[in-house]
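The values are calculated or read from the model by the stated rules, or taken from the named source; none is laboratory data. Note that the structure is a prediction, hence the values are computed from the model and not measured. Cβ placement follows ideal geometry from the backbone for every residue including glycine, while neighbour counts extend to all protein chains displayed. The area values use the complete protein model at the heavy-atom level, side chains included, leaving out ligands, DNA and RNA. Shrake-Rupley method; radii C 1.70, N 1.55, O 1.52, S 1.80 Å.
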Amino acid sequence: MLGKLKLRLPEGVQDYLPDECYNKREIEDTIRRFFYLSGYNEIETPIIEFFDVFAGVKPSIEQEQMFKLIDPEGRILVLRPDITMPIARVVGTKMANDPLPLRLFYLGNVYRYGNFQAGKQREVAQAGMELLGVSDPEADAEVVAMAIQLFLELGLKEFQIDIGQVEFFKGLIEEAGLVQEEVEEIRSLIDHKNMLALEMFLKKLPISEQIKDTLYRLPQLYGDSQILEDAMKISRNPKCRAALENIYQVYGILKDYGFDRFVTFDLGMVHSFNFYTGIIFRGITRELGYPICGGGRYDRLVSEFGRDLPATGFAVGIKRLLIALERQGKLKQVPGVDVLVVAQDGQRREAYHLMQRLKRQNMRVEMFLPVDSSITPLDYARQRCIPKVVEFKVNAEVIEYEIGIE
Amino acid sequence: MEQAIDILEAAGVDCRQLKEPSRKLFFFTPDRQIRMILVKPNDVPTYVEYGIADMGIVGKDTLLEEERLLYEMLDLKFGRCKLVVAGFPEKRDVWITHSHTRVATKYPNIARNYFLHKGKSVEIIKLNGSVELGPLTGLSDVIVDIVESGRTLKENGLVILEEICSVSARLVVNRVSLKMKNREIKALIDDIQRVVEERENGKVN
């Protein structure tokens, strides 16, 4: 049965055909230019890494999700399921003496099995940025503002950045002194905004009524900045109050940037809380039922790689951007060729010189190579919507035709 | 389905179109503010996760089986039943120590997770209906299924061996829609919640 899969692709990966590939590249170019102009430097890490890089103290990616390989020495390699951890590895090792803050960005594919996202893609094109070395709210605000500014640059309409703070939830569970299984159950219920099951579960727990009440209200604490005031009223715990203060500070900076209209809050956003240590956020748009970007503060990760650094950043899914922009009518077809060049016998040299000149002027050119000898250059140009034909005749005459395209 | 329509109407959603006999898949409220689609129960979490539907009504059993990223916001308190492990009564003591148990079920994920959590290795046999036939025909040792009155089990000589959890209809909401269309969706959720609570109180009094 060798070769029966020859014409197929494995599940979860795709070919990007010219029109989609063109738009993908346009988006990536915009992102690259925007990050670069914002003072960030691009970094590239290998697609293959040791499994250990991603198997942290409290791993945020389950090992079932990773593509694994075995190297000749018998060690486990993975196709990177994430790019933040490789960057932490680089920053903790090869860039260990670089001055702070470090501003880095990347574009690349990550690989995961399972229900990584609604589209069930296993090869996911991402772009992201990391700001390392600054624990102040200014850094959190810079990262959120970068996400907002990026969406504006890309022409995305009707989007929102939903901000949470995992320390608020952590403050509550620390005060309650719950065991890990209980914490995970509560976290999952809050993350699903499952009020009823949360109420039932809390009822059984021997913790103070005040903490129960705050935990119970957590799934409802989402919306505009009013919810921060509501949360402040019910929080006595210093860690919770500090978390709220932190959101207020970040919000204040975003206001200064004129970005507060893009921002909403959700204190019940408690995913990946083993990984994050402060502000977290997601970018959403009306066109897509799942987030297009996500990020937040992760102050403990880099120390696992030998350099104790506060850090924050975000990543955006390129395919999700493509879908959202397409639904907003923002994608383009690949632009056509500008000039078709025809070289009759003995005229190749002149024709080729012209093509070189035109390319230097940023024009797309194509040499006439008819597959079907009966087709004329003008018909070919009409079929392909090429507006101009230059023909180098045998007698060294050069004729230009303008093609009318409706 | 009738109960879902009933609750929606009590919450002020005009479902007249839904009740007319037809083969349509799309229905609108007369003011065209809400579009409704009828899909198979298993597909409800999918439509809502992708944001094709902002909200959905679906049984907790399906939610547990599908494990989708959704907000599960209300228990609508109808369609109540239990997810159980059932089998022949004489196996009640034996099958627990049986080293290899075959489990017939419409809920392979739930069954796998349940037995995994208990540290028991099982062979899951996916069936699409009449799961009770599993033990009766010898296809499986036990079944994992939902039980309402227990009559079907009893008629087939089966008993509940273990209860996994209670099940009822739930209101699920897409994660992005709740935020991007918060005003409309929140109002509807509040109305539905009011109806559910009124009915619950009515039952108690």
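Surface listing: A:ARG103, B:ARG175 arranged by accessible area from highest to lowest gives A:ARG103, B:ARG175, probe 1.4 Å. When the inverse distances between all different Cα atoms of segment A:339-402 are averaged and flipped, the Kirkwood radius reads 11.9 angstrom.
Cross-link list A:LYS212/A:LYS233; A:LYS359/A:LYS388; A:LYS233/B:LYS181; A:LYS319/B:LYS106: which exceed 23 angstrom alpha carbon to alpha carbon? Violating the 23 Å Cα-Cα cut-off are A:LYS233/B:LYS181; A:LYS319/B:LYS106. Note on segment A:123-171: Cα-only Rg and Dmax are 13.4, 39 Å.
When nucleic acids and ligands are ignored and a 1.4 Å probe is applied, A:ASP256 ends up with an accessible area of around 130 Å².
Mean per-residue shielding of peptide A:192-204 is 4, counting Cβ atoms of other chains within 10 Å of each Cβ. Among the residues of B:177-184, the average count of other protein chain beta-carbon atoms within 10 Å of the residue beta-carbon is 5. Between A:ASN194 and B:GLU72, the built amide H atoms are under 5 Å apart, and every one of these is 5 or more places off in sequence or on another chain.
Taking every C-alpha pair closer than 8 Å and separated by at least 6 residues, the mean separation divided by the residue count of chain A gives a relative contact order of 17 percent.
When the alpha-carbon atoms of the protein assembly as shown are used, the pair Rg, Dmax equals 29.6, 104 angstrom. Computed as a quarter of the hull surface, the mean projected area of the alpha carbon convex hull for segment B:113-176 stands at 6.3 nm². Across the options B:ILE37, B:LEU139, B:VAL167, the greatest Cα extent toward the positive end of the charge dipole of chain B (unit charges at beta carbon of Lys, Arg, Asp, Glu) belongs to B:ILE37.
Within segment A:372-404, the GluC sites (Glu not before Pro) that combine a DSSP coil assignment with at most 15 other C-beta atoms in a 10 angstrom radius are A:GLU397.
Between 0 and 90 degrees, the angle of helix A:18-37 with respect to the longest Cα principal axis of chain A falls at about 60 degrees. 3J(HN,Hα) along segment A:250-267, derived from phi through the Karplus expression 6.51 cos²θ - 1.76 cosθ + 1.60 where θ = phi - 60°, amounts to 4, 4, x, 5, 5, 4, 4, 7, x, 9, 4, 5, 8, 10, 10, 10, 8, 6 Hz, with x in place of Gly and Pro. Only one residue of A:GLY306, A:MET200, A:ILE253 has its Cα farthest out toward the positive end of the dipole of segment A:192-327, where Lys and Arg carry +1 and Asp and Glu -1 on Cβ, and that residue is A:MET200.
Relative to the 2.2 N^0.38 Å rule of thumb, segment A:1-151 has a C-alpha radius of gyration ratio of 1.19.
With θ taken as phi - 60° and the Karplus curve 6.51 cos²θ - 1.76 cosθ + 1.60 applied, the whole-hertz 3J(HN,Hα) list for segment B:125-139 is 10, 7, 10, 10, x, 6, 4, 4, 4, x, x, 5, 8, x, 5 Hz, x standing for glycine and proline.
Over segment B:81-166, Cα pairs under 8 Å with separation of 6+ residues give a relative contact order of 50 percent.
Annotation: A:SER208 carries an accessible surface of approximately 60 Å², with a 1.4 Å probe and no ligand, DNA or RNA atoms counted.
Here is the link list: A:LYS6/A:LYS120; B:LYS60/B:LYS186; A:LYS4/B:LYS40; A:LYS193/A:LYS255. Which ones come out longer than 25 Å on Cα distance? Those over the limit are A:LYS4/B:LYS40; A:LYS193/A:LYS255.
For B:LYS203, the accessible area of its heavy atoms, probed at 1.4 Å with every protein chain present, is near 140 square angstrom.
Quick note on chain B: its Rg to Rh ratio, both from C-alpha atoms and Rh being the Kirkwood radius, is 1.04. When you work out D = kT/(6 pi eta Rh) for segment A:182-339 at 25 °C and 0.890 mPa s, using the Kirkwood radius from C-alpha pairs as Rh and the Stokes-Einstein form, the result is 134 µm²/s. The GluC sites (Glu not before Pro) of segment A:39-76 that DSSP puts in a loop, and whose beta carbon has at most 14 other beta carbons within 10 Å, are A:GLU44, A:GLU62, A:GLU73.
Note on the protein assembly as shown: with charges restricted to the Cβ of Lys and Arg (+1) and Asp and Glu (-1), its dipole about the Cα centre is near 760 debye. Each of A:SER225, B:SER130 has its accessible area taken with a 1.4 Å probe; listed largest first, they run B:SER130, A:SER225. Ranked from largest to smallest solvent-accessible area, with a 1.4 Å probe on the protein heavy atoms, B:ARG194, B:ARG183 come out as B:ARG183, B:ARG194.
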